[in-house]
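Report on one structure; see the data block that follows.
The values are calculated or read from the model by the stated rules, or taken from the named source; none is laboratory data. Everything quoted here is computed from the prediction, not taken from an experiment. With ideal geometry, Cβ positions are generated from the backbone for all residues, glycine too; neighbour counts draw on all protein chains shown.
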């Protein structure tokens, strides 16, 4: 069994590398593993993927998909979300992945 801590290192959801951000449970309860996947990508991935794209992320599974801004607008008929990160259900990602195949 892994020991838990009240601090953790943030992990980029795209490249799975440490972002350099340290997260802390404000209640100082041992809730975190050594590393924690966060919805915020590292600077390198943000520059590479979110300059012209939007990341769709399922927080339950950690699965994600990056769409070009034009594809996001066409598929969802919604404005680009602030920060270019959109949370969604796994079924939406599965559906989009099937259409790509």
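Among the residues of the stretch 41-78, just one is touching a residue at least 40 places away in the same chain (Cβ under 8 Å) and surrounded by fewer than 16 Cβ atoms within 10 Å (Cβ to Cβ), namely 62.
Inside the stretch 29-41, residues that are in a loop (DSSP other than H, G, I, E, B) and touching a strand residue (DSSP E or B) at 6+ places or on another chain (Cβ under 6 Å) make up a count of 3.
Among the residues of the stretch 1-28, count how many are part of a strand (DSSP E or B) and closer than 20 Å to residue 54 by Cα. Don't jump to the end; show me each part of the working.
Within the stretch 1-28, the first condition is being part of a strand (DSSP E or B), and the residues that meet it are 5, 7-11, 18-24.
Right, trim to closer than 20 Å to residue 54 by Cα and you get 11, 19.
Final tally of qualifying residues: 2.
Tell me yes or no: at least one residue of the stretch 42-57 is modelled with pLDDT under 90 and outside any loop (DSSP other than H, G, I, E, B). For the stretch 42-57, residues modelled with pLDDT under 90 and outside any loop (DSSP other than H, G, I, E, B): absent. Here residue 11 fulfils each of the conditions (1) under 14 Å from the mean Cα position of the chain (by Cα); (2) surrounded by 14 or more Cβ atoms within 10 Å (Cβ to Cβ); (3) in the same structural domain as residue 89 (by TED's automatic domain parsing) apart from (3).
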